Each structure stands twice: as structure tokens, then as C-alpha cells.
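What follows is a short report on a single structure.
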Amino acid sequence: MNDTPVTFSREEWLAFRASYSELKHSINNALAVFSALSELAHRNPDNYEKLGKSILTRTPDIVALMQEFTQALDEKRPPSLEDEL
């Protein structure tokens, strides 16, 4: 394993933090909605459709945000780490 340090400029670090914060916020909100709709569906089966629609509409957005974040990290990865993945 190569111990090549990965360094970030202040601007890059702030951009990654903002991107991570947006991703975390989106996931937390989606999970809260899923949880609330799940509870409602247990009380009234008609709400299962709302839960399903919510999952189908929010999940692709979260996956896209995660892919963007991963791509940004991959672009910053030093070439020496390419072989280890």
C-alpha cells in the first residue's frame, strides 16, 4: 500500500464539505419522509402507495448526489492510488 498523502486546497475542502453536507441533508430528509410514510402506511394501507412513490422519486436523486460526490473524490485521488482500487 502506498501512503501518498492526498491534499486539498481550502477551496476544494470547502466544496467537498458543502457537497457532503448537501448529500447528508438529502439522505436525512428522505429517511425521515420514508419513516413517516411507513408509520402512516401501517395505520392505513392506502398510504403504501405514497411511500412507494416517495421512494421511487427521491432515491434516484440521492444516488446521483452520491455519484457526483464520489466522482469528485476520484478526480482528486493521486495516480499512485489507482492500482490499489
Within segment 1-39, of all residues that are closer than 20 Å to residue 70 by Cα, touching a helix residue (DSSP H, G or I) at 6+ places or on another chain (Cβ under 8 Å) and aromatic (Phe, Trp, Tyr), the one modelled with the highest pLDDT is 20
Over segment 43-85, the set of residues modelled with pLDDT of 85 or more and not in a helix (DSSP H, G or I) is 44
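So that you can scan it fast, the table gives a plain yes or no per residue for (1) under 23 Å from residue 77 (Cα atoms); (2) surrounded by fewer than 11 Cβ atoms within 10 Å (Cβ to Cβ); (3) not acidic (Asp, Glu):
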site	(1), (2), (3)
12	yes, no, no
15	yes, no, yes
26	no, no, yes
55	no, no, yes
58	no, no, yes
61	no, no, no
64	yes, no, yes
ask   = Hey, any hits in segment 2-11 for a residue that's touching a Ser or Thr at 6+ places or on another chain (Cβ under 7 Å) and part of a loop (DSSP other than H, G, I, E, B)?
value = yes
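The values are calculated or read from the model by the stated rules, or taken from the named source; none is laboratory data. What you see is a predicted model; the values in this text were computed from it and never measured. Cβ coordinates were reconstructed from backbone atoms using ideal geometry, including for glycine residues, and neighbour counts include every protein chain displayed.
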